[in-house]
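First comes the structure, then the notes that go with it.
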């Protein structure tokens, strides 16, 4: 089924729930690198998603309630976000599609409040998995 082609500057939104972590998400943008253009903006192609990185997002969990921070990235696109027939310069164009798999990489671990005078206990998880979606600016050109 045809879907809207992503272009340079389209918004990348992450869902805050990275079970069991809650992340204070911030939107990002995807940068298009394809030679084709739509409305004067470069088309996004397979691989452009790897350059999306949103650092400095805080997070916490029920157990580790003292916030930590990390970086949001896209770890995998959904099957309906990579065109099967449409390409430019031998690379598949990216489509709005459904939800992609997101990754939250911990840089500064959240901490568990200490019982008494002991120091806080840091979260041992180094990454969490979640989801996100694209918000397209192109509302005219679709591809499959």
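The values are calculated or read from the model by the stated rules, or taken from the named source; none is laboratory data. Only a predicted model underlies this, so the values are computations on that prediction, with no experimental measurement involved. Positions of Cβ are backbone-derived with ideal geometry, glycine not excepted, and every protein chain shown enters the neighbour counts.
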remark   = Considering residues that are part of a loop (DSSP other than H, G, I, E, B) and free of Cβ contacts under 8 Å to residues at least 24 places away in the same chain, the number found within segment 35-75 is 1
ask   = Taking segment 17-28, which residues are buried (at least 16 other Cβ atoms within 10 Å of the Cβ) and either without any contact (Cβ under 8 Å) to a residue 60 or more places away in the chain or part of a loop (DSSP other than H, G, I, E, B) (or both)?
value = 22, 25, 28
task = Test residue 84 against the criterion of being loosely packed, with under 14 Cβ neighbours inside 10 Å, modelled with pLDDT of 95 or more and farther than 15 Å from residue 8 by Cα, and give yes or no.
result = yes
inquiry  = Taking the conditions exactly as written (at pLDDT 95 or above, buried (at least 16 other Cβ atoms within 10 Å of the Cβ) and within 20 Å of residue 135 (Cβ to Cβ)), does residue 60 satisfy them or not?
reply    = no
ask   = If you scan segment 97-136, which residues turn out to be assigned to a loop (DSSP other than H, G, I, E, B) and loosely packed, with under 15 Cβ neighbours inside 10 Å?
value = 98, 113, 114, 115, 116, 117, 118, 119, 120, 124, 126
query = Could you give every pair whose Cβ atoms fall below 7 Å, whose first residue belongs to segment 129-144 and is in contact (Cβ under 8 Å) with a residue 40 or more places away in the chain and on the phi < 0 side of the Ramachandran plot, and whose second residue is in a strand (DSSP E or B) and surrounded by fewer than 13 Cβ atoms within 10 Å (Cβ to Cβ), counting only separations of at least 6 or pairs across chains?
reply = 144/84; 144/85
request  = Taking residue 89 as meeting all but one of (1) at pLDDT 95 or above; (2) within 28 Å of residue 142 (Cα to Cα), write down the number of the exception.
outcome  = (1)
